[in-house]
Amino acid sequence: MRLARVAKFSFLLLVGVGMCATIFERNARAEDAIELWADRNDSDFNGIADGVQPELSLEAASSFVGLSKALRNGILRLEGATTCARLLVEGKPFPWGKIPGPQVRIQGVFACDAHLVSKNRGITSSTRLIVRELHVLGHDGKPILPVGDHLAVTRLPPQPLSEIVSSADNEDATFLVRGPKPLPTEISLDSITWFGQRVDVLKHVALTRVPCPAELGDSDLLACAATIPIRFSIDEVDRQHAMLKDRAIVAALGGAIVLRVDGMKQVMRVLGPRHTPIGPIGRLRATLRPFVLRVSRASTPAVGSSDAGAVAQVRAELAAAANIWAQCGISFGDTRTLNVAVVDPPAPHLLSVGDGSGTPATGGEIAMTVDQRAVRLALRRGMTPTEAAARLVIALSKVGVVGVTSPNARTAAGATGSVDVLIRRKNGQFPVFAGALSDGRISNDATLSVALGIVDLEDGLEHFSDVNAAAGTLEERTLLKALDDGDPTTIEVIVVPFFSGGGRIGESFIASDRSSLRNMVVTDRAGVRARRSSLTLAHELGHVLLDMPGHPDDYGSDTPTQLMDSDASDASPFGPRRLSVSECLRAYRQSGPKSAQPMLREWPLGPVPVDEKLPILVR
Ligand SMILES: [Zn+2]
């Protein structure tokens with residue numbers, strides 16, 4: 001939880017997903033030379049680089065360069081580097097030699113400085129062919145391939161350029177061009193979401209001469225130029241920090257970074273961590289069920305001044321939390337359209353047996369009316385909460401209503417766990433309850449308590465303490481069990497007006513509490529207001545996804561930049577917003593597609609719509 005935030009509590013897409021699309025645009029800069037970029041990309045999204053693909057779709061083939069009439073009319077060969085380009089006819093490779101007609105295209109495969117030589121009736125004509133390569137390198141200098149690989153957002157706080165550390169959480173990339181001189185002097189980056197919205201741009205990033213990496217091969221004819229390390233930020237807070245000026249761009253999980261250099265466009269996908277002990281993490285999706293509570297029946301919602309305002313505010317909150325969890329490749333689906341329910345506090349529907357102490361009965365009775373029909377149950381000496389609840393279900397069935405038992409975790413002071421009985425009419429509605437003992441109470445046993453849960457948000461939601469953290473309070477259980485869908489693979493996100501007592505702004509109920517309340521988070525309007533500084537919702541979801549009751553700082557390791565720190569509050573990029581690759585791995589193992597009850601499922605990628613005319617909507 002967060003005290004003012006407090007809580008208790010893969011295949012990873014082994015990524016056939018670095019799918020890229022590249023469009024090579026005609027480059028007619030020099031009339032006496034043909035300039036191409038090595039086609040190392042995947043325009044047709046089939047997982048194979050276009051330059052080595054046996055056959056290309058017409059769309060891909062349409063983006064290559066045609067041959068001049070002089071070159072078409074003779075016997076054509078490539079001199080100097082015979083495999084750095086290939087001929088294509090209607091998308092299929094075609095051998096060098098006699099050219100069949102104007103439909104022939106030439107495609108770059110490797111960097112080279114070569115010549116196309118055509119012989120026609122004893123006359124030789126020669127045209128220089130220049131092929132350049134664009135490489136993306138990780139912080140470790142290893143290549144990030146356009147096909148089958150991806151970029152990822154960083155998981156580290158900002159660092160000065162001179163102090164960037166080598167770490168599995170460093171996802172910076174360097175862009176390098178290799179080819180004959182002169183080399184391009186700058187590259188531009190566009191960032192787009194998976195649905196095609198442009199979120200950021202980084203223009204005119206300088207390419208400066210560097211020695212070519214040895215692994216690319218040695219050639220006197222080829223030179224290299226590279227950018228400084230570029231950082232992919234989770235959000236504007238990170239991106240705008242002065243330390244990152246001109247070297248950061250906001251990147252969206254599942255979206256792409258579009259690289260533009262000298263007329264060439266290449267698309268790199270943005271997914272989860274690139275290096276984990278179980279391989280790369282692609283894109284995962286948690287299913288959230290958000291609710292906003294009204295203070296009382298038909299009154300204003302906990303946040304926003306109207307239902308529409310509440311929905312918009314919660315969606316914005318979930319989008320901010322999703323930006324944080326993008327560090328682990330985890331998303332919450334399309335937060336623009338996520339269904340957010342604005343609901344009244346539930347009417348009484350939960351009868352708790354043994355709430356608090358969990359002690360057995362000493363002898364007494366339950367006497368009440370349900371929809372004006374009498375329900376009586378003798379509580380004989382020694383009867384446990386479990387036995388009493390089971391008998392109550394039977395007694396309820398005799399008056400035509402349905403009771404379902406819902407056991408709770410034992411509280412720190414409890415003899416055993418209490419058992420709630422959730423009561424509905426057969427049509428699913430809540431019935432009307434009244435005590436039927438002479439003093440109006442429901443039961444009179446001295447040791448086995450029987451209590452009807454009441455949700456009254458006018459005085460705040462009574463929150464759990466250290467004693468009853470796993471079970472929750474009676475009021476919390478009455479609220480949350482009314483909203484729970486009973487599916488442990490979905491996560492309920494509940495926004496209440498406020499918690500009683502002050503201090504708390506968020507809490508969570510997780511699987512390892514062994515309670516019937518699980519995978520639910522509660523935040524209040526103060527938690528929503530504290531978004532920028534505490535990231536309450538992202539933090540509480542962290543307890544659920546990591547299935548982790550505690551905080552790293554509970555054990556002496558105070559890391560105020562980590563999302564799961566218990567009490568950090570800071571709206572800067574050094575606030576509690578980072579997740580480490582080990583936490584990503586834990587979320588994957590506890591909640592991922594291969595876990596017992598997967599809350600995170602793979603979210604397959606489609607092509608990113610890259611539309612040149614898209615306006616920049618965020619910046
Ligand atoms: Zn917490």
Requested in this report: Looking at the chain, send over the antiparallel percent of its DSSP beta bridges, to the nearest 5.
Outcome: 75 percent
Report task. Would you work out the charge dipole size for segment 348-453 about its Cα centre, treating the Cβ of every Lys and Arg as +1 and the Cβ of every Asp and Glu as -1, and quote it to the nearest 20 debye? Result -> 320 debye
Requested in this report: Positive end of the charge dipole of the chain (Lys, Arg +1 and Asp, Glu -1 on Cβ, about the Cα centre): tell me which of ALA286, VAL544, GLY179 has its Cα farthest that way.
Outcome: GLY179
Report task. Rank-order 577-587, 426-436, 533-543 by packing density, defined as the average count of other C-beta atoms within 10 Å over each peptide's residues, highest first. Result -> 533-543, 577-587, 426-436
Query raised in the report: Picking from LEU76, HIS463, ALA316, whose Cα lies most toward the positive end of the charge dipole for the chain (charges on Cβ: Lys, Arg +1; Asp, Glu -1)?
Result: LEU76
Query raised in the report: Can you give the net charge of the other residues whose Cβ lies under 11 Å from the Cβ of SER352, counting K and R as +1 and D and E as -1?
Result: -1
Report task. Excluding residues on the same chain fewer than 8 positions from LYS203, give the lysines whose Cα lies under 24 Å from its Cα. Result -> LYS181, LYS245, LYS265, LYS613
Requested in this report: Would you please name the trypsin sites (Lys or Arg not before Pro) within segment 96-158 that are DSSP coil residues with at most 14 other C-beta atoms within 10 Å of their C-beta?
Outcome: ARG121
Query raised in the report: Applying the Karplus parametrisation 6.51 cos²θ - 1.76 cosθ + 1.60 with θ = phi - 60° to the phi angles of segment 325-338, what ³J(HN,Hα) value in whole Hz is obtained for each residue in order, glycine and proline being reported as x?
Result: 6, 4, 4, 9, x, 9, 10, 10, x, 7, 6, 5, 10, 4
Report summary line: segment 84-129 and segment 159-234 have their Cα centres apart by a whole-number Å value of 31 Å
Report task. Could you tell me which of VAL89, LEU448, VAL521 has its Cα farthest along the dipole of the chain towards the positive end, charges placed at Cβ (Lys, Arg +1; Asp, Glu -1), taken about the Cα centre? Result -> VAL89
**Report entry** Per-residue HN-Hα couplings for segment 213-229 [Karplus 6.51, -1.76, 1.60; θ = phi - 60°; Hz; x = Gly/Pro]
**Finding:** x, 4, 5, 7, x, 9, 8, 5, 7, 10, 10, 10, 9, 9, 8, 6, x
Report summary line: Dividing the helical contributions, -39500 (n - 2.57) per DSSP H run of n ≥ 4, by the residues of the chain yields a 222 nm value, nearest 500 deg cm²/dmol, of -4000 deg cm²/dmol
Query raised in the report: What residues qualify as long-range amide H neighbours of VAL342, i.e. H under 5 Å apart, gap of 5 or more or another chain, H built at 1.01 Å from N?
Result: VAL292
**Report entry** Burial ranking of peptide ranges 304-317, 441-454, 202-215, 547-560 (average Cβ count within 10 Å, highest at the top)
**Finding:** 441-454, 304-317, 547-560, 202-215
**Report entry** Radius 14 Å from Cβ of ALA316, net charge of other residues (Lys, Arg +1; Asp, Glu -1)
**Finding:** +2
Query raised in the report: Which net charge results for the neighbourhood of ALA298, defined as the other residues with beta-carbon distances under 12 angstrom from its beta-carbon, given Lys and Arg at +1 and Asp and Glu at -1?
Result: 0
Query raised in the report: Long-range amide H contacts for VAL250: which residues qualify at under 5 Å (H placed 1.01 Å from N, peptide plane, sequence gap of 5 or more or a different chain)?
Result: SER233
Report task. Would you kindly derive the ³J(HN,Hα) couplings of segment 404-410 from the backbone phi angles with the Karplus curve 6.51 cos²θ - 1.76 cosθ + 1.60 (θ = phi - 60°), listing them in order in whole Hz, with x for Gly and Pro? Result -> 10, 7, 9, x, 10, 5, 5
Report task. Report, by chain and number, residues whose modeled amide H sits under 5 Å from the one on ILE34, excluding near sequence neighbours (fewer than 5 apart, same chain). Result -> ARG128, LEU129, ILE130
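Here, each number is a calculation from the coordinates, and none is a lab measurement. Fair warning: this is a prediction, and the values are worked out from it, not measured in the lab. When we count neighbours, we look across all protein chains shown, and the Cβ atoms used for this are built from the backbone with ideal geometry, even at glycine.
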